[in-house]
2 protein chains.
Amino acid sequence: MAASTLTEVARLAGVSPATASRVLNGSARKPGQDIAERVRQAADSLGYIPNAQAQGLAKSSSGLIGLIVHDIADPYFAAIARGVQEAAREQRKMVLLATTGGAPAEEKEAVAAFAARRADSIVIAGSRSSREEDQEDNAELAAELDRYCRNGGRVAVVGHPVVGATAPEGYHVLAVPNQELAGALASELAAGWDGDFVIIAGPEGLLTSDDRVQGFQDGLAGAGRAPAGILRTQFNRAGGYEAGLKLAAHIKGEGDGTRETGRKLCIFAVNDVMAIGAAAALRAEGLRIPRDATIAGFDDIETLRDFRPALSTVRLPLEEIGRLATRATAPAAEGHDSDGGLPQPITGEVTLRRSTEAA
Amino acid sequence: MAASTLTEVARLAGVSPATASRVLNGSARKPGQDIAERVRQAADSLGYIPNAQAQGLAKSSSGLIGLIVHDIADPYFAAIARGVQEAAREQRKMVLLATTGGAPAEEKEAVAAFAARRADSIVIAGSRSSREEDQEDNAELAAELDRYCRNGGRVAVVGHPVVGATAPEGYHVLAVPNQELAGALASELAAGWDGDFVIIAGPEGLLTSDDRVQGFQDGLAGAGRAPAGILRTQFNRAGGYEAGLKLAAHIKGEGDGTRETGRKLCIFAVNDVMAIGAAAALRAEGLRIPRDATIAGFDDIETLRDFRPALSTVRLPLEEIGRLATRATAPAAEGHDSDGGLPQPITGEVTLRRSTEAA
DNA sequence: AGAAAGCGGGAATGCGCTTTCCCAGACAGG
DNA sequence: CCTGTCTGGGAAAGCGCATTCCCGCTTTCT
């Protein structure tokens with residue numbers, strides 16, 4: 001037994017499909033009371049559920065919002081996803097999820113898939129890459145996005161614009177002040193620490209990571225401090241752990257034979273998850289935080305707030321970011337300003353906690 | 001400029017739409033080499049993207065998998081979602097996300113929305129409720145699911161079957177041995193602790209919580225121990241924290257004037273997030289784990305593994321659960337056994353760590 | 001060599017719904 | 001009383017694609 005159709009409902013109610021459509025699925029023209037009632041009864045006596053595909057085809061709009069993340073299980077993206085979901089609900093739309101692991105090629109495919117489904121808008125939450133080897137894929141991604149926009153789609157990307165995307169109508173970038181905040185973190189840290197700094201960064205070319213590194217170095221420079229050493233690794237817990245191991249060796253003075261004794265370090269991991277990984281490694285090596293090393297992260301992931309020692313970090317309104325990005329793609333939101341179009345201002349907050357309290 | 005259509009491609013290639021369709025979107029009949037090539041060239045010179053809505057309408061199948069969770073930012077659901085996402089990719093489908101906060105009424109709406117979009121299958125990850133006030137909504141949910149299945153939809157629910165859902169074709173339940181595992185945890189805990197036990201549970205009627213509570217009590221009984229006291233609260237970190245506060249008072253002997261001195265406790269929180277909340281509360285009250293109280297959770301949430309003291313818990317293969325549930329809805333997976341249909345066996349593992357090492 | 005079978009391609013129909021366009025009747029004004 | 005303007009309902013034309021027929025052609029078997 002197939003689902004019942006509008007036509008069946010119409011027949012049962014003794015009206016034309018046109019009329020049935022008008023009463024059941026909001027139209028400008030409102031049929032008379034009596035008729036409306038008859039149709040409505042027929043509809044739910046049949047358990048009628050409109051076929052969204054057909055509706056979409058006819059109206060050419062689907063009520064879908066595409067969301068692109070690296071990994072939905074990463075708490076950073078999960079938090080953003082929650083915001084997106086909320087905003088989607090406000091707009092009475094559903095969200096289509098795509099996880100890409102951050103590969104521009106996969107992101108391009110996701111955009112194409114969203115376009116195929118005629119998603120009304122697309123939110124790209126993943127961080128951009130400017131690496132040499134991603135150049136080509138990025139260009140294709142940009143082209144795909146352009147095409148999508150030109151066909152009336154709206155897209156919002158959080159963080160950086162997609163490399164090479166020329167911005168036609170409906171292309172929004174939600175800037176996240178990674179650099180400024182990292183700078184602010186650095187200066188606050190510098191105020192309470194006069195030893196060396198070291199940064200655990202993601203792979204070069206990962207824009208989010210690069211920004212935070214750059215901002216941190218700037219902040220250090222502003223405080224009259226020497227630039228921090230940089231350890232590049234994966235942008236996840238495993239990377240943080242690995243880097244932590246190396247740093248532990250360094251701190252314990254095993255790093256190179258030249259030093260007799262290790263040196264304390266203030267570590268800045270470009271995101272919380274990496275910071276936690278690094279902290280775990282240090283602990284595994286018998287070092288204590290903040291006694292032997294202090295450490296700070298970035299994002300203020302909710303699930304990690306109970307971590308001990310409490311992690312210094314930069315609070316980012318992740319959920320809000322998801323919400324704003326999604327709202328930016330809502331047709332109504334266009335009202336602001338067609339030109340200029342000042343982007344919503346995202347702000348974060350340096351949050352110093354126990355992990356960076358020098359003993 | 002609207003997206004180009006199959007007809008346009010066909011015209012450019014000088015063939016009929018039928019032929020173009022056959023070469024571009026996998027069909028049984030394969031047109032000749034030369035023609036195929038011409039069509040393909042025309043297609044990407046036009047940047048043709050098939051309209052999935054139209055395809056869906058024509059084939060009546062959408063390539064969509066609906067996923068229902070309580071909250072995508074909850075690491076438990078995020079982990080499952082990752083598994084679902086993976087399996088979806090295997091099946092070359094996309095996942096539609098719906099978050100419901102656990103309310104049966106919302107879940108019903110989500111199912112209806114998925115049905116409207118003609119989702120090929122639905123995975124329900126949220127825990128079921130058997131509360132009095134949800135009775136009615138549950139019935140409606142069940143009705144909605146039934147209808148969906150009868151129209152050829154396939155659904156998988158993890159944990160418990162939806163209350164009152166009669167199982168027609170295509171209704172799968174992925175059983176999670178919450179009770180057994182909680183029992184196993186209890187007996188292992190009982191082996192190393194001879195004091196009192198207390199359970200921090202979710203609201204009554206939350207089946208997942210109830211199962212774990214029941215299992216734990218059974219395990220205790222099996223070990224010849226008195227049943228644990230039960231503290232009901234919200235099924236999240238806040239609830240855990242609140243309960244933790246109460247327990248702290250109890251342990252410190254402030255609970256009631258009758259006791260001179262507090263008593264140590266072995267706490268079982270029905271999920272990791274609650275356990276972390278409780279632990280945070282105890283610490284805030286100046287108590288130490290495992291010195292003043294030991295504590296165990298359930299789920300073995302990945303992000304929480306670096307928590308100190310390391311949390312004893314029961315490892316659940318969350319990602320695998322998502323994967324299996326999704327695969328269970330794949331048409332091919334029906335092959336197993338139409339009758340009986342032995343459900344995939346999910347297994348967990350009691351994982352004792354530092355948080356329950358009695359001093 | 002003639003007929004039957006096979007094969008590659010096109011015309012046409014329909015999936016379920018929205019939306020324009022049209023039409024009959026109601027009503028008001030001249 | 002006739003004409004002009006509304007108003008509410010129906011007929012029909014797509015939306016973009018898959019698919020069933022159907023047709024003319026080349027093969028293969030007797």
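The values are calculated or read from the model by the stated rules, or taken from the named source; none is laboratory data. In this text the structure is predicted, and so the values were computed from the model without any measurement. Positions of Cβ are backbone-derived with ideal geometry, glycine not excepted, and every protein chain shown enters the neighbour counts. Accessible surface areas use protein heavy atoms only, side chains included; no ligands, DNA or RNA. Shrake-Rupley method; radii C 1.70, N 1.55, O 1.52, S 1.80 Å.
Below 8 Å between Cα atoms, with a sequence gap of 6+, how large is the relative contact order for the stretch A:75-150 in percent? Taking the mean separation of contacting Cα pairs over the length of the stretch A:75-150, I get 34 percent. Within a straight-line Cα-Cα reach of under 21 Å, B:K30 can be paired with the following lysines, leaving aside sequence neighbours fewer than 8 residues apart in one chain: B:K59. Taking B:E86, B:E37, B:E107 as the candidate residues, the one with maximal mean-square fluctuation in a Gaussian network model of chain B, Cα springs under 10 Å, is B:E37.
Protein-only accessible surface at a 1.4 angstrom probe places the residues A:D211, B:D44 in the order B:D44, A:D211, largest first. Taking a straight Cα-Cα cut-off under 21 Å and skipping sequence neighbours fewer than 8 places away in the same chain, the lysines within cross-link reach of B:K108 are A:K93. Taking all protein chains into account, the per residue accessible area for the stretch A:6-50 stands at 60 Å² (1.4 Å probe).
Result for chain A in a Gaussian network model with C-alpha springs under 10 Å: among A:V123, A:V155, A:V23, the largest mean-square fluctuation is at A:V23. When the scattering of the protein assembly as shown is computed by the Debye formula from its Cα atoms alone, each counted once and equally, what is log10 I(q)/I(0) at q = 0.06, 0.08, 0.10, 0.11 Å⁻¹? So the normalised log intensities work out to -0.41, -0.72, -1.08, -1.24. Could you compute the FRET efficiency for A:A284 and A:T166, with r as their C-beta to C-beta distance and R0 at 60 Å, rounded to 0.05? Computed FRET efficiency for A:A284 and A:T166 comes out at 0.80. Taken about its Cα centre, the protein assembly as shown carries a charge dipole of roughly 880 debye when the Cβ of each Lys and Arg holds +1 and the Cβ of each Asp and Glu holds -1. Taking label positions 7 Å along the Cα-Cβ direction at both A:A18 and B:I35, the computed distance is 4.0 nm, reported to one decimal.
Starting from the label point of A:N25 at 7 Å along Cα→Cβ, the same points in the other copies fall at 1.8 nm, in ascending order. Rolling a 1.4 Å probe across all protein chains gives A:D34 an accessible area of roughly 110 Å². Shape summary of the stretch B:80-213, radius of gyration then Dmax from alpha carbon positions: 17.1, 56 Å.
By per-residue mean of other Cβ atoms within 10 Å, what is the highest-first order of A:265-271, B:185-191, B:345-351?
Values: A:265-271: 28.4, B:185-191: 20.4, B:345-351: 16.3.
The most tightly packed comes first, giving A:265-271, B:185-191, B:345-351.
Apply the a/c threshold of 1.5 to the C-alpha gyration tensor of chain A and tell me whether it is rounded, prolate or oblate. Prolate shape, in that a/c is at least 1.5 and a/b is the bigger ratio.
In a simple Cβ point-charge model (Lys, Arg +1; Asp, Glu -1; nothing else charged), the stretch B:6-50 has a dipole of about 160 debye relative to its Cα centre.
Shape summary of the stretch A:283-322, radius of gyration then Dmax from alpha carbon positions: 12.4, 39 Å.
Residue by residue along B:58-68, Cβ atoms of other protein chains within 10 Å of the local Cβ number 2 on average.
The helix-based estimate of mean residue ellipticity at 222 nm for chain A, built from -39,500 (n - 2.57) per DSSP H run of four or more residues and divided by its residue count, is -13500 deg cm²/dmol to the nearest 500. What separates the B:Q234 label point from its copies, with the point 7 Å along Cα to Cβ, is 3.4 nm, written shortest first.
Each Cα pair under 8 Å and six or more residues apart adds its sequence gap; the mean of these over the residue count of the stretch A:6-50 is a relative contact order of 41 percent. Considering only B:P203, B:P31, B:P317, the mean-square fluctuation computed in a Gaussian network model of chain B, springs between alpha carbons under 10 angstrom, is largest for B:P31. Normalising the average separation of contacting C-alpha pairs (under 8 angstrom, six or more residues apart) by the number of residues puts the relative contact order of chain B at 15 percent. Once both labels are positioned 7 Å from their Cα atoms along Cα-to-Cβ, the gap between A:E349 and A:R291 label points is 3.2 nm. Computed on the Cα atoms alone, the convex hull of the stretch A:16-171 gives a volume of 126 cubic angstrom per residue.
Here's the picture: a label point sits 7 Å out from the Cα of B:A221 along the beta-carbon direction, and within the stretch B:162-199 the residues with their amide nitrogen under 16 Å of it are B:179-187. Residues whose amide H falls under 5 Å from that of A:I199, counting only those 5 or more places apart or on a different chain, are A:G229, A:I230, A:L231, A:F268, with hydrogens built in the peptide plane.
For the stretch B:32-80 and the stretch B:163-213, what is the separation of their Cα centres, given in Å? What the calculation gives is 39 Å, centre to centre. Of the beta bridges in the protein assembly as shown, as assigned by DSSP with both residues counted there, near 15 percent are antiparallel. Near B:S312, the amide H atoms lying under 5 Å from its own belong to B:G297, B:R353, B:S355, B:T356; only residues 5 or more places off or on other chains count, and H is placed 1.01 Å from N.
Between the listed residues A:A142, A:I321, B:G253, the Cα displaced farthest toward the positive end of the dipole of the protein assembly as shown, a dipole computed from Cβ unit charges relative to the Cα centre, is found at A:A142. Only alpha carbons enter this Debye calculation for the stretch B:6-50, each as an equal point scatterer, and the log10 of I(q)/I(0) it gives at q = 0.17, 0.25 Å⁻¹ is -0.35, -0.77. Counting only lysines at least 8 places from A:K252 when in the same chain, those with an alpha carbon closer than 24 Å to its own are A:K264. When all alpha carbon pairs of the stretch A:150-291 are counted in 5 Å bins from zero, the resulting P(r) reads 2, 10, 17, 18, 18, 14, 8, 5, 4, 3, 2, 1, 0, 0 %.
The label-point distance for B:E109 and B:N25, in a model that sets each label 7 Å from Cα toward Cβ, rounds to 3.1 nm.
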